[in-house]
Amino acid sequence: MNLSITGKQIQLTDPIKSYIENALDSLLKYNLDIISTRVVVNADEKNGKKGFGVELTINLPKTETTVIKQKDKDLYVAIDRAVDRANKVFRRHHDKLTTTKTKNSSNEAEIDEITIDGVDEIVPMELELYKPLEIEEALQRLKDSGMQFYVFNDIDAKMRVIYKKGDNKYGLY
């Protein structure tokens, strides 16, 4: 990382420069390949009050330049706040780069073959849940199909399951 520290209307001492360098070392933990960093420290006096401004200009590959400006009465506080803001920006950028998106972004889910003891094969089916059904209509579809259970949405938009019991009675979830 190329580092340039400049002072405007202020004489930068070695302790100030080393403090800035140590503070900027915290940005390296994100492994973002920082190309260059330019720090401009300025002193200004308005209405008899002294203040300091810190401007960080950080260049990363394949992204726009990040510029952070911070002002405070105390120089060290201004440096700390500017570096904290840079840490926040870099953490967000790092999180964007490292989070994984799902491979299958379509609405169709992949169905893998599942082996269960005592079952010859499992056949994936697509459910017909397009329109809500009355419970009586779902019961009639279950009886006509000869299946063990039937999944449907009822009139209240609840997903329900109607199933055939062993004693030729029917249950409803």
Problem set entry | Restricting region 126-155 to residues that are surrounded by 10 or more Cβ atoms within 10 Å (Cβ to Cβ), of a type in the set (Asp, Glu) and more than 11 Å from residue 172 (Cβ to Cβ), the residue that is modelled with the lowest pLDDT | 128
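Which residues, taken from region 139-173, are of a type in the set (A, V, I, L, M) and in a helix (DSSP H, G or I)? Before you say what the answer is, go through the steps one by one.
Going residue by residue through region 139-173, those that are of a type in the set (A, V, I, L, M) are 139, 142, 147, 151, 155, 157, 159, 161-162, 172.
Matches in region 139-173: 139, 142.
The values are calculated or read from the model by the stated rules, or taken from the named source; none is laboratory data. On a predicted model such as this, the values are computed, not experimentally measured, just so you know. Glycine gets a Cβ as well: all are built from the backbone with ideal geometry, and neighbour counts include every protein chain shown.
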